[in-house]
Amino acid sequence: NYRMIGDDPIAAPDWWTNFTSLFLDEASVRASYAGMVDTATAVRFIRANADVLGADPDHIFAVGSSAGAFNVLHVALDTPDAYLSSLPVNNPQESSALQLVIDLWGGCFRRQEIDANDPPVLILHGTADPTVPFALGQRLDESLTAAGVAHQFIPLEGYGHAAWSATVDGKTLPELQMEFIATNGGIRVTGQP
């Protein structure tokens, strides 16, 4: 989980505030940055405790929906370790790098940071989304294409926000996600060829 406006997070750094204050109110600026710090902290926790958790620190994937998608996209696509907390308990010695990201109706504010070294991204976005405009998914697709990042953009025709029941060519969202992971995750997914 991650902090939100109701958690009254501390002020974001100037580089984040100067950029996002153009389209977010002050509380949302603080909360958006705190959410990304919390997401990066979770990745570093998994990497620091991989042996105990039975995780592979070289294959950490993240799925986010709506604001959670903004969080995982920024952690994956922004400047490495931009969302670092200096508290020792947050494992600052570990990387918050992700190896694959699934974006469910989210977006990315800092698309100018995207480069060819970024991990594969699956974008699933409803064409009739009134909460996070479909255009944000299109812009992310264009930025990933321009940077040469492996990705797949799947418009969910006629669906709005949180389109959990959407299907594409008879496939559910979990099926589409598992196919993307099997193809782009560098691992063998059980039940997949």
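Okay, residues lined up against (1) among the acidic types (D, E); (2) modelled with pLDDT under 95; (3) touching a Gly at 6+ places or on another chain (Cβ under 6 Å):
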| site | (1), (2), (3) |
| --- | --- |
| L24 | no, yes, no |
| V29 | no, yes, no |
| A34 | no, yes, no |
| D38 | yes, yes, no |
| A50 | no, no, no |
| A67 | no, yes, no |
| T79 | no, yes, no |
Tally up the residues in the stretch 126-158 that are open to solvent by 50 Å² or more (accessible area, probe 1.4 Å) and within 9 Å of W105 (Cβ to Cβ), please.
1
Hey, among S96, S86, which residue is at pLDDT below 95, open to solvent by less than 20 Å² (accessible area, probe 1.4 Å), within 27 Å of A12 (Cα to Cα) and of a type in the set (S, T, Y)?
S96
Qualifying positions in the stretch 131-145 - in contact (Cβ under 8 Å) with a residue 24 or more places away in the chain and in a helix (DSSP H, G or I)
L136, G137, R139, L140, S143, L144
Name the residue that is nearest to the chain's Cα centre (by Cα), counting only residues in the stretch 141-193 that are among the small types (G, A, S) and at pLDDT below 95.
G185
Test: residue in the stretch 100-113 that is of a type in the set (A, V, I, L, M, F, W, C) and either more than 21 Å from L173 (Cα to Cα) or assigned to a helix (DSSP H, G or I) (or both):
yes
Quick check on I123: is it closer than 22 Å to F23 by Cβ, within 13 Å of the chain's Cα centre (by Cα) and outside any helix (DSSP H, G or I)?
yes
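The values are calculated or read from the model by the stated rules, or taken from the named source; none is laboratory data. Predicted model, so just to flag it, every value in this text is computed and none were measured. Positions of Cβ are generated from backbone atoms using ideal geometry, with glycine treated the same way; all protein chains shown enter the neighbour counts. For the accessible areas, the whole protein counts, side chains as well, though only heavy atoms, and no ligand, DNA or RNA atoms are used. Shrake-Rupley method; radii C 1.70, N 1.55, O 1.52, S 1.80 Å.
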